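This report refers to the structure that appears directly beneath it.
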Amino acid sequence: MITLTENEKRMVFQLEGCNRYDAIQEIAVFCQYTCDHDKRNIAENLLKKLRELSENDCRELICDIQKNYNLPRKAKTVGEMIAVARQESGARKLEGHDIMALERFDPEVKHMIVFDVLSRESPIGDKGHRMRLFLTEVGYKKALESQDKSFIRILNHAKVAHQYLEKVLKIL
C-alpha cells in the first residue's frame, strides 16, 4: 500500500466520491484551476500515487481515510467542513453525480433522485450502491420504470429548477 503525506490525506478526506476514476478526475480538475502552486504540487503527487493503485485498492484507501481520518486542526475550507459533517453523521457516500455535477446545470434537468440499487439487472449502478442522479423528464420516467421493476428504490426526490433544488421530498 502507498503512504500519503498529511496534506495528501487532507485532500483525499475532502473528495466527493470513493472510486478511483472520480477521485482522479476531481483532483485533475483541481490541478487545472488552482492558483496555489503548493496545493497543485500536493495534488499532482497524490494523482501519481492514486494512478498506481488498482480500483479496489484505491477505493479502500479513499473510504478508509474518509471514514477514519481526523483533521490535525480545525476545518478551514467549505470542503473540509462538509467532509467533517459527512464523517460525523456516518452518511453513506453516494455514487453517481456529485451534488455540483455539471448535469445539474443542464436546462433540461428537472429532477434529482437518490436511490438504492436493488438488482444486478438495474440499467445503472451496481447492486448495493446508493446513487444520486440529476435527470431530465425522460430520465426520471425511466427511473420510475426501474423502480416499478424493483431494480431500484428511490429514497429522495427533488425538483430542479434553474440549477437549484426546489423541494426535497423524502420518500422513505
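The values are calculated or read from the model by the stated rules, or taken from the named source; none is laboratory data. Keep in mind the model is a prediction, meaning the values are calculated, not measured. Glycine gets a Cβ as well: all are built from the backbone with ideal geometry, and neighbour counts include every protein chain shown.
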Please specify each residue of the range 1-27 satisfying the condition of being part of a loop (DSSP other than H, G, I, E, B) and small (Gly, Ala, Ser). 17
Exactly one of 32, 14 is polar (S, T, N, Q), surrounded by 13 or more Cβ atoms within 10 Å (Cβ to Cβ) and either farther than 20 Å from residue 93 by Cα or at pLDDT 85 or above (or both), and that one is 14
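Residue by residue, here is whether (1) under 19 Å from residue 59 (Cβ atoms); (2) among the basic types (Lys, Arg); (3) in contact (Cβ under 8 Å) with a residue 60 or more places away in the chain holds:
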| site | (1), (2), (3) |
| --- | --- |
| 79 | no, no, yes |
| 98 | yes, no, yes |
| 102 | no, no, no |
| 105 | no, no, no |
| 116 | yes, no, no |
| 143 | no, no, no |
| 148 | no, no, no |
| 151 | no, no, no |
| 162 | no, no, no |
For residue 108, state whether it is at negative phi and in contact with a Ser or Thr (Cβ under 6 Å, 6 or more places away or on another chain). yes
Let me spell it out: the conditions are (1) within 13 Å of residue 66 (Cβ to Cβ); (2) at pLDDT 90 or above, and residue 51 meets all of them except one. Which number is the exception? (1)
Which of the residues belonging to the range 60-96 are farther than 15 Å from residue 12 by Cβ and either modelled with pLDDT of 80 or more or in contact with a His (Cβ under 8 Å, 6 or more places away or on another chain) (or both)? 73, 74, 95, 96
